[in-house]
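K.L.:
Below you'll find the structure I mean.
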Amino acid sequence: MDLKPENGSTQLFGSFEQIVSAAPIWRAMIRAMSFREQGIEPSDGFAGDGFIVRPLLPSDNLLDHAAVMSSREFIYHWEQDPPYPTEDFSAEDNLDDLEKMDGEHRNGTRYTYTVMNATETEALGCLNSLPNDDRMYRTAEVTSYDGTDFATVDCTLSFWVRESTWKAGFEGGLLEAVLAWLRDDWSVERPLVLTNEKLEHQIATFESVGLTRRFDYDRDKDMYTTYAYA
């Protein structure tokens, strides 16, 4: 992997080469806790400027499927689960996913939200909030760039929005609104926002709102290294 300095990293943490050489690496997870063990319960969502965030339901299937297929290539790299979603990914296939995510939301293991336009006639994207003991981290090699113990992180957030919304800056505005929502409605003080090395547009968005790369996650099954920002 070709690691390059992030914006501001030299000023905040020293040279990138020094950070990498000193960065602690461990296998996740020993002291991590689930949402319910941390006393974190899901919020019902919120209304933003021209959009609504609320739990994703199986009844949202057709709108969600249309959004997925509108940005299929981006989601292919975002999900890192090839060949998902395939070119012939059907609404029935999508419904299977939504039913699984709805069950996880109800069980408190993973929380998934849809991003809708204000009239809820178009899905604009999707948010996933995971505890730091989620299964995706248990086989990951985690690298911390500032010495922070991953077990002190409250949750991780990953999200995607329709590519058609990028030009207007919706991705950055949504991210700032969601971080405020996590702080104010969830009492989450230490979230991480995830992307990966392939998604240059999303990396640029994170850095444009002042986030800094804190951790990397590497799993054998993934196509790319996951970057975590705070």
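K.L.:
So which residues in segment 113-146 are polar (S, T, N, Q) and in contact with a Leu (Cβ under 9 Å, 6 or more places away or on another chain)?
P.N.:
THR114, ASN117, THR121, ASN128, SER129, ASN132
K.L.:
Does segment 138-166 hold any residues that are touching a strand residue (DSSP E or B) at 6+ places or on another chain (Cβ under 7 Å) and among the aromatic types (Phe, Trp, Tyr), and which are they?
P.N.:
TYR145, PHE150, PHE159, TRP160
K.L.:
Still on this structure: Just checking, how many residues over segment 129-141 are at pLDDT 90 or above and surrounded by fewer than 21 Cβ atoms within 10 Å (Cβ to Cβ)? Break it down stepwise before answering.
P.N.:
In the first step, residues of segment 129-141 are kept if they are at pLDDT 90 or above; the result is 129-130, 141.
Now drop any that are not surrounded by fewer than 21 Cβ atoms within 10 Å (Cβ to Cβ), which leaves 141.
Going through segment 129-141 one residue at a time, the tally reaches 1.
K.L.:
Evaluate the following for THR205: is it touching a Gly at 6+ places or on another chain (Cβ under 6 Å) and hydroxyl-bearing (Ser, Thr, Tyr)?
P.N.:
When the stated conditions are applied, THR205 passes them.
K.L.:
Name the single residue, out of those in segment 79-114 being assigned to a helix (DSSP H, G or I), farther than 22 Å from ASP154 by Cα and touching a residue at least 12 places away in the same chain (Cβ under 8 Å), that is farthest from the chain's Cα centre (by Cα).
P.N.:
ALA91
K.L.:
Within the set of pairs 6+ apart or on separate chains, which have a first residue in segment 115-128 that is farther than 14 Å from SER70 by Cα, a second that is assigned to a strand (DSSP E or B) and of a type in the set (Gly, Ala, Ser), and C-beta atoms under 6 Å apart?
P.N.:
As it stands, the answer is VAL115/GLY125; MET116/ALA123; ASN128/SER158, since those pairs meet every condition given.
K.L.:
Of the conditions (1) surrounded by 15 or more Cβ atoms within 10 Å (Cβ to Cβ); (2) assigned to a helix (DSSP H, G or I), LEU62 clears all except one; give me its number.
P.N.:
(1)
K.L.:
Continuing with the same structure: Which numbered condition in (1) under 28 Å from GLU37 (Cα atoms); (2) in contact with a helix residue (DSSP H, G or I) (Cβ under 7 Å, 6 or more places away or on another chain); (3) crowded, with 16+ Cβ neighbours inside 10 Å is the only one that LEU199 fails?
P.N.:
Every condition holds for LEU199 apart from (1).
K.L.:
Can you tell me which residue within segment 156-171, out of those that are of a type in the set (Val, Ile, Thr) and within 17 Å of THR112 (Cα to Cα), is modelled with the lowest pLDDT?
P.N.:
Looking at the filtered set, the residue picked out is THR156.
K.L.:
If you don't mind, another one. What residue, among those in segment 185-213 that are of a type in the set (D, E, K, R) and at pLDDT 95 or above, is farthest from THR139 (Cα to Cα)?
P.N.:
So the residue we want is GLU207.
K.L.:
Which number in (1) within 18 Å of SER71 (Cβ to Cβ); (2) in a strand (DSSP E or B) marks the one condition that GLN202 misses?
P.N.:
(2)
K.L.:
Being β-branched (Val, Ile, Thr) and either more than 19 Å from LEU130 (Cα to Cα) or crowded, with 22+ Cβ neighbours inside 10 Å (or both) is the filter here, so list the residues in segment 207-225 that pass it.
P.N.:
VAL209, THR212
K.L.:
It is to be established whether one or more residues within segment 182-192 are of a type in the set (Phe, Trp, Tyr) and either within 12 Å of the chain's Cα centre (by Cα) or under 25 Å from HIS65 (Cβ atoms) (or both).
P.N.:
Checking segment 182-192: not a single residue is of a type in the set (Phe, Trp, Tyr) and either within 12 Å of the chain's Cα centre (by Cα) or under 25 Å from HIS65 (Cβ atoms) (or both).
K.L.:
Quick check: is even one residue across segment 37-59 at pLDDT 70 or above, touching a helix residue (DSSP H, G or I) at 6+ places or on another chain (Cβ under 9 Å) and in a helix (DSSP H, G or I)?
P.N.:
Checked against the condition, which is being at pLDDT 70 or above, touching a helix residue (DSSP H, G or I) at 6+ places or on another chain (Cβ under 9 Å) and in a helix (DSSP H, G or I), segment 37-59 yields at least one hit.
K.L.:
Another question, then. Answer yes or no as to whether VAL161 is surrounded by 14 or more Cβ atoms within 10 Å (Cβ to Cβ) and more than 20 Å from TYR76 (Cα to Cα).
P.N.:
no
The values are calculated or read from the model by the stated rules, or taken from the named source; none is laboratory data. Note that the structure is a prediction, hence the values are computed from the model and not measured. We place every Cβ from the backbone using ideal geometry, glycine too, and count neighbours over all the protein chains shown.
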